[in-house]
Amino acid sequence: MSVSTRWATERDVPFLGEVVLLASRSHLPKGVWDYALPDDLLRQRFLERLLVTGKASWCHWTKFRIAEVDGVPAAAMSGYAENEAGMIAEDEAMTQAFGAIGLGAQEQGAVFEHIAPFLTCLMPPIGTPWIIEWVATLAAYRRRGLVDRLLREMLEEGRRRGRRRGQIMVIAGNVSAQRAYERVGFMVHEARYTRAFEDFIGARGLHRMSQLLPD
């Protein structure tokens, strides 16, 4: 088995759409994107559009690093800082992507209203950290150390860019993911639980994990 890693290109967008969907589901049967857009085709179109919206966002293809097994994309994650040049806000990126797939203002409003319970557990970043997001491995390639390798590379990238802290969010109850993050130095910094979140997605809430990055 040959494992290599690289930065994503725009040609990887279909694969990254799968990664973003899997990451949103965490250890659960469904994630926020499933509830936002129950239609499979429409959801796929939206995620692929989201990945190319603007010059940079928390879900833009330029922020992703990919692990390949024997030349086949198998795992990926994004790394970014919210105050980097060209970044657009999450709501703006989503609104633009919704519009690009033909959802009007009323339909977009309904989607945002529907997923509002999920947002009750979001926490603002601590300062301007290096944020790791959208971590997932395709089922056929799990338990091969791909996420561990990508995490270490992404943390090194944040350190290289002068960031002093790394941050990642995990849905409460995803024990295997939390342990993987702990292996590379993350610790739970804060947790937020709400009844609305639990009723919506089936997990208590979110854990914010962080670590200081060396000079």
Notebook entry, point to check: Which distance in nm do the two modelled labels at Asp148 and Glu113 give, with both placed 7 Å along the Cα-to-Cβ direction?
Noted result: 4.8 nm
Notebook entry, point to check: Simple spin-label model, 7 Å along Cα-to-Cβ: Asp39 to His189 in nm?
Noted result: 3.9 nm
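Compute the FRET efficiency between Ala105 and Asp70 as 1/(1 + (r/R0)^6), taking r as their Cβ-Cβ distance and R0 = 30 Å, and round to the nearest 0.05. Let's see the in-between values first.
Values: r = 46 Å, r/R0 = 1.54.
So, using R0 = 30 Å, E works out to roughly 0.05.
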Margin query: Tell me whether the stretch 1-44 comes out rounded, prolate or oblate; compute the Cα gyration tensor, take square roots of the eigenvalues as a ≥ b ≥ c, and use a/c under 1.5 as the rounded threshold.
Written below: oblate
Next item on the list: Give the Rg (one decimal place) followed by the Dmax (whole number) of the stretch 1-93, computed from C-alpha coordinates and expressed in Å.
Entry: 13.5, 41
Notebook entry, point to check: Can you give the helix-only mean residue ellipticity at 222 nm for the chain, where every DSSP H stretch with n ≥ 4 adds -39500 (n - 2.57) and the sum goes over all residues, rounded to the nearest 500 deg cm²/dmol?
Noted result: -11500 deg cm²/dmol
Next item on the list: Just subtract the alpha-carbon distance of Ile126 and Ser2 from 0.36 nm times their residue separation and send over the number in nm, one decimal.
Entry: 40.9 nm
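Quick one: work out Rg over Rh on the C-alpha atoms of the stretch 60-215, Rh as Kirkwood radius. Walk me through the numbers on the way to the answer.
On the way: Rg = 16.7 Å, Rh = 17.1 Å.
With Rg and the Kirkwood Rh in hand, the quotient comes to 0.98.
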Check: What nm distance separates the two modelled labels at Arg11 and Asp215, each placed 7 Å from Cα along Cα→Cβ?
Finding: 4.2 nm
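Where a number appears in this text, it was derived from the coordinates with a stated rule and is not lab data. Note that this is a predicted model, so its numbers are computed, not measured. Cβ atoms come from the backbone with ideal geometry, glycine included; neighbour counts cover every protein chain shown.
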